[in-house]
Amino acid sequence: MYDFIIIGGGLAGVTFANFLEKHGKSFCLIADRSQVASLIAGGVYNPVVLKRFTPIWRAEEVMSMIEPFYTEIEAKTGVSFHISMPVLRKFASVEEQNNWFTAADQPLLSGYLSTALVPETNPAVPAPFLFGEVMRTGRVEVKKYLSECLKRWQQEGVYHAKTFDYEALEICDTHVVYRGVEALNIVFCEGCGINKNPYFSSLPMRPCKGETLTFYAPDLQLHTILKSDGSIIPLGGDTYIMGATYDPEDLTDTITKGARKELLEKLRKMVRCSFEIISHQAALRPTVADRRPLIGSHPLYPHLWVLNGLGTRGVLNAPFCAKILYEAVYEEKEIPKEMNIARFAKRLRR
């Protein structure tokens, strides 16, 4: 009998599996990789909302876990995928500079916003009002992180690349059974696929479509994450990601001409060099109506859990949310109210 069956092989599912493994718990992971949001994610972690110069939700708790968690997984897999990299915010005016300095004086932001302005030194990135540097930032190569973990677990026989069949799940008083496999608990980490889940589909998931462009620009020579009206993320080898759009209306995962045009216009405003578009990607992000994660057990079936709704900051939120779920299951700690699906209990009892 396993401790957990995990449904979903994105950031939520793989990160929770790593927590279970670290604490000696057994699991079986089932995923068909139909939810691709994690696979095309830029993987940036940044503790500041740069449109408003405010800290992200639970910034210090979330940030404190990033480096130790991903570094530990790198050591376990023998593969590097975590890259420390500054984020530079390009200022559009003197007023934005002043707003930056005001924010940097706040206790919650003083450890993240540098008060030393970064000069314009790259001729391909014009910045007449200079840059502000966000500290303690970087990116995770999400696709590499997920694939390395899943490859190892597949070799160990605990990852199965299959589509989960809800009708085959048997819910018993003390455990669950899925096609002969017994487990004390099951957790659904399906991203936007939760809308097909008969137990949790009533949760107010509001997917938000995002599209990005991957481009090649040998003259750009950018070695930091650049944030302006859009983001440019260096991937190495003179390739970059330009992103991302936010569309809560179009809930398909197909690329669109409108998004391509929008991204190209932003890219041309940010850089002064030639570039070649390599690819265009689209995916649905698992966002929630109140912009908070979905963590907890079903009010009628206590062995059924959910870990979802990591939103646009999956790399940041995944370790923290996985820790919250683990402690709720094994240490009987309360899940914070703003994350607990108990806030939607009436929906789940229908």
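Odds and ends about this structure:
- Excluding same-chain neighbours fewer than eight residues apart, the lysines reachable from Lys76 by a Cα-Cα span under 17 Å are Lys22, Lys25, Lys143, Lys144, Lys151.
- Sorting Arg343, Arg268 by accessible area puts them as Arg268, Arg343; the probe is 1.4 Å, largest comes first, and only protein heavy atoms count.
- The spacing between region 236-252 and region 184-225, judged by their C-alpha centroids, is 11 Å.
- FRET E, pair Asp3, Arg272, Förster distance 56 Å, beta-carbon r, rounded to 0.05: 0.55
- Relative contact order of region 1-149, taken over Cα pairs closer than 8 Å and 6 or more residues apart, is 28 percent.
- The chain: calculated mean residue ellipticity at 222 nm from DSSP helix runs of at least 4, using -39500 (n - 2.57): -8000 deg cm²/dmol
- Accessible area of Met242 in the full protein assembly, 1.4 Å probe (Å², nearest 10): 0 Å²
- Computed from point charges on the beta carbon alone (+1 for Lys and Arg, -1 for Asp and Glu), the dipole magnitude for region 250-325 about its Cα centre is near 360 Debye.
- Dipole moment magnitude, nearest 20 debye, the chain about Cα centre, only Lys, Arg, Asp, Glu C-beta charged: 640 debye
- Within straight-line reach of Lys196, meaning a Cα separation under 17 Å, sit the following aspartates and glutamates at least 8 residues removed in sequence or on another chain: Asp32, Asp165, Glu167, Asp253.
- Spacing of the two label points (7 Å from each Cα toward its C-beta) at Lys143 and Met85, in nm: 1.4 nm
- Distance from region 292-350 to region 60-100 (C-alpha centre basis), Å: 25 Å
- Mean-square fluctuations from a GNM of the chain, with a 10 angstrom spring cutoff on Cα atoms, peak among Gly24, Gly132, Gly243 at Gly24.
- Using the 1.4 Å probe convention, the accessible area of region 201-350 works out to 48 Å² per residue with neighbouring protein chains retained.
- His23 contributes an accessible area of around 80 Å² to the protein surface, as traced by a 1.4 Å probe with all chains present.
- Ligands, DNA and RNA excluded, the heavy atoms of Leu11 present near 10 Å² of accessible surface to a 1.4 Å solvent probe.
- Rounded, prolate or oblate (a/c below 1.5 giving rounded, otherwise prolate when a/b exceeds b/c) for region 108-267 by Cα gyration tensor: prolate
- Between Asp253, Asp229, Asp290, the GNM of the chain built on Cα springs shorter than 10 angstrom shows Asp290 fluctuating the most.
- Highest-fluctuation residue, Ile56, Ile295, Ile186 considered, GNM on the chain with Cα pairs under 10 Å: Ile56
- Crossing angle, helix 94-104 versus the chain [Cα axis fit, 0-90 degrees, rounded to tens]: 40 degrees
- Placed amide H near Tyr159: partners under 5 Å, 5+ positions off or other chain: Leu29, Gln154
- The accessible surface of region 1-58, taken with every protein chain in place and a 1.4 Å probe, is 50 percent carbon and sulfur.
- Largest-first ordering by accessible area, 1.4 Å probe, given options Trp100, Trp57: Trp57, Trp100
- Rounded to the nearest 20, the Cβ-based charge dipole of region 200-345 about its Cα centre (Lys and Arg +1, Asp and Glu -1) stands at 280 debye.
- Here is the list for region 203-310: GluC sites (Glu not before Pro) lying in DSSP coil, each with at most 11 other C-beta atoms within 10 angstrom of its C-beta, are Glu249.
The values are calculated or read from the model by the stated rules, or taken from the named source; none is laboratory data. Remember, predicted model here, so these are calculated numbers, not experimental data. Here the Cβ is made from the backbone with ideal geometry for all residues, glycine too, and neighbour counts use every protein chain on show. Quick note on the areas: whole protein, heavy atoms, side chains included, nothing else; ligands and nucleic acids left out. Shrake-Rupley method; radii C 1.70, N 1.55, O 1.52, S 1.80 Å.
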